[in-house]
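Novice: One structure is given below, represented as structure tokens, and several questions about it will come after.
The values are calculated or read from the model by the stated rules, or taken from the named source; none is laboratory data. Everything quoted here is computed from the prediction, not taken from an experiment. Backbone-built Cβ (ideal geometry, glycine too); neighbour counts: all protein chains shown.
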Amino acid sequence: MPTAKKAALADAAPAAALIDAKIAALPDWRGATLARLRALLLQALPNALEEWKWSTPVWTASGGIVCTGEVYKKVVKLTFPKGAALPDPAGLFNSSLEGNVRRAIDFAEGAAVNEAAFKALIQAASAANCSSSPSKAKPRP
């Protein structure tokens, strides 16, 4: 019987191929932007696992989702499920600011990327996954 780690490694290759295909299917600025953000993310977290969920690229590390990568007509969006808890001194978050949990960054065509701040944010998202404690099961009466 395969272990969970082996299953995750087996799923990584197809997910990377699906992400490659998504980028290739976007021959405009959106594909180039998603490819660049992916490269920066993997530089910041070399051990990040690429996954494919909800028909979307998902990067995980330290036991949780770091961010998802969605592509829309006018933006490439990276959504951070725990973004509201992350330090963002450079003010990268520019979308989904009203919520209590998640935050997102919308990259429009030609948008500059503050690479150092982006990598720091990615690393902070991974660290937040480490510090999150799983829910404790309530004892049965």
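Novice: Between a residue in region 55-75 that is on the phi < 0 side of the Ramachandran plot and free of Cβ contacts under 8 Å to residues at least 24 places away in the same chain and any residue that is basic (K, R) and surrounded by 14 or more Cβ atoms within 10 Å (Cβ to Cβ), which pairs come within a Cβ distance under 7 Å, given they are 6 or more apart or on different chains?
Specialist: If the second residue must be basic (K, R) and surrounded by 14 or more Cβ atoms within 10 Å (Cβ to Cβ), the pairs left are E70/K77.
Novice: Next question, about the same structure. Go through region 28-45 and count every residue that is more than 19 Å from E109 (Cβ to Cβ) and either crowded, with 16+ Cβ neighbours inside 10 Å or modelled with pLDDT under 95 (or both).
Specialist: Looking only at that region, the number is 3.
Novice: A further question follows. Mind checking whether some residue in region 106-115 is surrounded by fewer than 19 Cβ atoms within 10 Å (Cβ to Cβ), within 19 Å of A32 (Cα to Cα), under 11 Å from the mean Cα position of the chain (by Cα) and of a type outside the set (D, E, K, R)?
Specialist: The first filter runs over region 106-115 and keeps only residues surrounded by fewer than 19 Cβ atoms within 10 Å (Cβ to Cβ), leaving 106, 108-115.
From what is left, the residues that are within 19 Å of A32 (Cα to Cα) are 106, 108-115.
Within this subset, residues satisfying the condition of being under 11 Å from the mean Cα position of the chain (by Cα) are none.
For region 106-115, residues surrounded by fewer than 19 Cβ atoms within 10 Å (Cβ to Cβ), within 19 Å of A32 (Cα to Cα), under 11 Å from the mean Cα position of the chain (by Cα) and of a type outside the set (D, E, K, R): absent.
Novice: It is to be established whether one or more residues within region 11-27 are modelled with pLDDT under 95 and not in a helix (DSSP H, G or I).
Specialist: Checking region 11-27: at least one residue is modelled with pLDDT under 95 and not in a helix (DSSP H, G or I).
Novice: Taking A48 and the conditions (1) touching a Phe, Trp or Tyr at 6+ places or on another chain (Cβ under 6 Å); (2) at pLDDT below 95; (3) among the hydrophobic types (A, V, I, L, M, F, W, C), which numbered condition does it fall short on, given that it satisfies the others?
Specialist: (2)
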